[in-house]
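Asks: Sharing a structure here in structure tokens format.
The values are calculated or read from the model by the stated rules, or taken from the named source; none is laboratory data. If you're wondering where the values come from, they're calculated on a predicted model, not measured in any experiment. Cβ atoms come from the backbone with ideal geometry, glycine included; neighbour counts cover every protein chain shown. When the accessible area is computed, the model is the full protein with side chains, heavy atoms only, and any ligands, DNA or RNA have been set aside. Shrake-Rupley method; radii C 1.70, N 1.55, O 1.52, S 1.80 Å.
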Amino acid sequence: MLDTRKWPGTVGEFADRLLNLAGLLLSHPRHFFRSYSAAELSRLMSLPAGSPAT
């Protein structure tokens, strides 16, 4: 998950997506205390910034 060589875009895009993911996870306690699988985190990182995480 943290190996940037496996990310299809640039390292900058990866960092932006990772920061957006961190913002989402810290936006509400229900996200913070939930156990996410690596596949779910990858899916959330692939969403465009600002899109609803449903």
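Asks: Once both axes come from the Cα atoms, what is the angle between helix 11-25 and the longest principal axis of the chain, in degrees from 0 to 90, rounded to 10?
Replies: It is inclined by approximately 0 degrees.
Asks: If Lys and Arg each add +1 and Asp and Glu each add -1, what is the summed charge of the other residues whose beta carbon sits under 11 Å from the beta carbon of Leu21?
Replies: 0
Asks: Further question on the same structure: Before I look further, what does the chain give for accessible area per residue, probe 1.4 Å, in whole square angstrom?
Replies: Accessible area per residue, the chain: 77 Å².
Asks: Given axes a ≥ b ≥ c from the Cα gyration tensor, I'd like to know whether the chain is rounded (a/c under 1.5), prolate (a/b larger than b/c) or oblate.
Replies: prolate
Asks: Beta carbons within 10 angstrom, averaged per residue: use that to sort the peptides 40-48, 24-32, highest first.
Replies: Ranking the peptides 40-48, 24-32 by packing returns 40-48, 24-32.
Asks: When only Cα pairs under 8 Å and 6 or more residues apart are kept, what is the percent relative contact order across the chain?
Replies: Rounded, it is 35 percent for the chain.
Asks: Another question about this same structure. May I ask you to compute the full-extension gain from Ala15 to Ala38, defined as 0.36 nm times their residue separation minus their alpha-carbon distance, rounded to one decimal in nm?
Replies: Here the segment from Ala15 to Ala38 would lengthen by 6.6 nm.
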